[in-house]
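See structure below.
The values are calculated or read from the model by the stated rules, or taken from the named source; none is laboratory data. Since the structure is predicted, the reported quantities are computational estimates derived from the model, not experimental observations. A quick note on method: Cβ atoms are made from the backbone with ideal geometry, for glycine too, and the neighbour counts reach across all protein chains shown. Side chains are part of the model used for accessible areas, which takes the heavy atoms of the whole protein and leaves out ligands, DNA and RNA. Shrake-Rupley method; radii C 1.70, N 1.55, O 1.52, S 1.80 Å.
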Amino acid sequence: MNTTHVTSTLLDEIIKNEKTLKDLSTPQLVEKALERGEGVLTSTGALQVTTGKYTGRSPKDKFIVQDSSVMSKVDWGSVNQPISPEVFEKLYEKVLNHLQTKDELFLFHGYAGADKAYQMPIAVLNENAWHNLFSRQLFIRPKQEELADHQAEFTVISAPSFKANPEIDGTKSETFIMISFEKRIVLIGGTEYAGEIKKSIFSIMNYLLPEQDILSMHCSANVGVEGDVALFFGLSGTGKTTLSADPNRQLIGDDEHGWSNNGVFNIEGGCYAKTVNLSEEKEPQIFNAIQFGTVLENVIVDNESRRADYDDISLTENTRAAYSIDKIPNIVEPSIAGHPSTIIFLTADASGVLPPISKLTKEQAMYHFLSGYTSKLAGTERGITEPEATFSTCFGSPFLPLPAYRYAEMLGQKIDQHEANVFLVNTGWSGGGYGTGERMELAYTRSMVQAALEGELDSVETTVDPFFGLHIPTHCPGVPDHVLQPKKTWSDPKAYDEKATELANQFKENFKKFDHISEEIKNAGPLV
């Protein structure tokens, strides 16, 4: 029996079945989620849901099907774990049979990629209404007249209530996220965390776009009144979403972009913002975007007033809001702009030794892009309870199927071609490491970023950091001079030196894996 034919026929049957509700509107999906007891309405009209025991991504349960079409292209390893086509097919059939037993399913048709020249039609099939609402918020929504001709090039199938048996199904746990490039299917089971849906499509775009000579990037992007585009690279919790939501600049997107020969375009149609300690005073755009249609993940809500308590992290520190990008008042429509003139690498350094802002040479930019240093913050992945140092190549290693140098080489070429200025910004700790120092004040970070974007740091005097070789501005408007020099914020200079030496050596050790990189880039790292 041809298993592939059986599963494709079964999927067609499920999609065509009348109990599969197709392309419901936001109000319809909210009604369905409430009717099914999947969540509650908050005082702002947002839908609050919880995701059970999985409140972050499960990277150890993510696989790529190792078929002949991708065998020689994917950078196989602990991030891109191989799974055999046979294991995938059996699990695929099981999941479809499981979905056939459901009284209702939900199907969303949409797009990834705002630039129509490179747009990919997608479909998302869910057993939960709120997951379908999430997909509707996060991906690009088609106009009604576009639905008639919509042909999905990839379909995400999310079945959280189907739990795998590792001994029988060949998985590592009950949870699995599997991408088959040959079948054009993403299979998700055993987890209710909606971020898996979003990031699986991002992983696919990170495979497909470089093949079209487009740099795919884990970054946010905005544009000033004069058309100057800025990119903000960084892992979860470093401030991409917060810093790109600037009332004086138009938002292109908050997390995923492509950089083609035409310029920059958003891959998504929505934002997935962290809400821990969210306040209207500090982050008004995000705070006010949380309204009807927004999905609030794992945010604690008062039973009577239904007000969200963004300071309560009793479920997880990784609380999230998923909302359509048009809920941000100042956006570019469509989400497309020109070539970037400023690139900012964001890091949340839990050791508290990296300067809050520094200017990078082209070689340093390549070094720090490949290093992708930050501290994983609590909650973004299962098992992370306090910050720990991590090096995530290209600030997006968990989502990059191709070898890192592919993305790095493309970035280097584009920096040269468009003469972009690059800065490293530390949104992490100052005056000591995690537990001793304090998190960098957001107001200071905003002032530094603004100065970088407006060219105020282009000709300012700098000092060279003795540990990392970074060029630190001696002055920045809106920031006390001593804050710019990390050692001056520590009460114990010797302790600072020890910690800086330790981090510098971690950089060196991590970079050893890049044996194909030029000496100029290797020598652009720490001086220790």
inquiry  = Just checking: which of the strands (runs of 3 or more DSSP E) contained wholly in region 243-337 hold 3 or more residues that are not charged (D, E, K, R)?
reply    = 250-253, 256-260, 263-266, 270-274, 320-324
ask   = Just a yes or no: is a residue in region 457-478 closer than 22 Å to Asp228 by Cα, open to solvent by 70 Å² or more (accessible area, probe 1.4 Å) and not in a helix (DSSP H, G or I)?
value = yes
task = Would you mind stating whether Thr191 is out of contact with any helix residue (DSSP H, G or I) (no Cβ under 6 Å at 6 or more places or on another chain), of a type in the set (Val, Ile, Thr), open to solvent by less than 20 Å² (accessible area, probe 1.4 Å) and at pLDDT below 95?
result = no
key: Hits in region 118-143 (condition: part of a helix (DSSP H, G or I) and surrounded by fewer than 24 Cβ atoms within 10 Å (Cβ to Cβ))   = Tyr118
inquiry  = Of everything in region 443-456, what is out of contact with any strand residue (DSSP E or B) (no Cβ under 7 Å at 6 or more places or on another chain) and open to solvent by 50 Å² or more (accessible area, probe 1.4 Å)? Give them in sequence order.
reply    = Ala443, Arg446, Gln450, Glu454, Glu456
task = Please enumerate the residues belonging to region 144-170 that are within 25 Å of Ser69 (Cβ to Cβ), touching a helix residue (DSSP H, G or I) at 6+ places or on another chain (Cβ under 7 Å), not small (Gly, Ala, Ser) and not in a strand (DSSP E or B).
result = Asp169
query = With region 1-82 as the region, which strands (runs of 3 or more DSSP E) entirely inside it contain at least 2 residues that are aliphatic (A, V, I, L, M), closer than 16 Å to Val186 by Cα and touching a residue at least 40 places away in the same chain (Cβ under 8 Å)?
reply = 62-65
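Could you tell me which of the residues Asn222, Asn261 is of a type outside the set (Val, Ile, Thr), touching a helix residue (DSSP H, G or I) at 6+ places or on another chain (Cβ under 7 Å) and closer than 25 Å to Tyr111 by Cβ?
Criteria check complete, one pass: Asn222.
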inquiry  = Quick test of your reading of the structure: Gly435 fulfils all but one of (1) surrounded by fewer than 18 Cβ atoms within 10 Å (Cβ to Cβ); (2) touching an Asp or Glu at 6+ places or on another chain (Cβ under 9 Å); (3) assigned to a strand (DSSP E or B). Name the failing condition by number.
reply    = (3)
task = Identify all residues within region 343-372 that are touching a helix residue (DSSP H, G or I) at 6+ places or on another chain (Cβ under 8 Å), open to solvent by 10 Å² or more (accessible area, probe 1.4 Å) and not hydrophobic (A, V, I, L, M, F, W, C); write none if there are none.
result = Ser351, Lys362, Glu363
